[in-house]
Amino acid sequence: RSILRAEGVVGLWRGVGPPLMVAVPQFALVFGSHEAARALISRHSTRPPGDGRDAALAGALVAVPTTFVYTPVDRVKLAMQSDGRRVASGLPPLYSSASQCARQLWRSGGAASFSRGFFATLARDVPGWASYFYV
């Protein structure tokens with residue numbers, strides 16, 4: 001409610017732009033990585049073709065390249081959303097746009113600033129993608 005009062009309906013969508021921009025390339029990477037991993041696994045697997053366990057293992061491997069792509073974008077999104085909470089509490093915003101937020105994150109912490117949360121994202125995505133491709 002405080003975000004609605006401070007920023008209106010637009011505030012509910014703060015920080016959503018970066019993940020939407022990366023969604024299409026990310027899914028191209030997901031399915032391309034899955035096909036490559038599946039081909040590699042099928043060459044070495046003793047299970048019958050189409051076995052769900054091989055699909056799940058290939059899905060788990062998808063998490064590695066996608067986490068490299070998604071973590072920096074997620075970092076910007078989370079910073080923008082935190083900034084929205086700041087605005088809701090009556091403070092001025094730190095960021096005027098996602099690109100300005102990314103520049104500020106770079107200035108304050110360099111590349112390391114964009115890798116915060118990498119291992120948490122990986123821990124979430126390994127079982128997530130394994131499940132996605134198993135089912």
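Ligands, DNA and RNA are left out, and with a 1.4 angstrom probe the accessible area of the chain is 61 Å² per residue.
In region 1-68, Cα pairs under 8 Å separated by at least six residues give a relative contact order of 31 percent.
Sequence-distant contacts, meaning Cα pairs under 8 Å at least 6 residues apart, place the relative contact order of the chain at 36 percent. Short-range pairs are left out: with C-alpha atoms under 8 Å and at least six residues apart, the relative contact order of region 64-135 is 42 percent.
Relative to the Cα centre, the charge distribution of the chain, modelled as +1 at Lys and Arg Cβ and -1 at Asp and Glu Cβ, gives a dipole magnitude of about 420 debye. Checking (1) 30.0; (2) 16.7; (3) 15.5 against Kirkwood radius over Cα pairs in Å calculated from these atoms, the matching label is (2). Sorting the segments 121-134, 52-65, 97-110 by their residues' average number of neighbouring beta-carbon atoms within 10 angstrom, most packed first, yields 52-65, 121-134, 97-110.
Taking the 1.4 Å solvent-accessible surface of the chain as the whole, the part contributed by carbon and sulfur is 65%.
Near Phe114: Cβ cut-off under 14 Å, other residues only, Lys/Arg at +1 and Asp/Glu at -1. The net charge is +4. Other residues whose C-beta falls under 15 angstrom from the C-beta of Asp54 contribute a net charge of +2, scoring Lys and Arg +1 and Asp and Glu -1.
The values are calculated or read from the model by the stated rules, or taken from the named source; none is laboratory data. Predicted, not measured: the structure shown is a model, and the values here were computed from it. Cβ coordinates were reconstructed from backbone atoms using ideal geometry, including for glycine residues, and neighbour counts include every protein chain displayed. Only protein heavy atoms, including side chains, enter the accessible area calculation; ligands, DNA and RNA are left aside. Shrake-Rupley method; radii C 1.70, N 1.55, O 1.52, S 1.80 Å.
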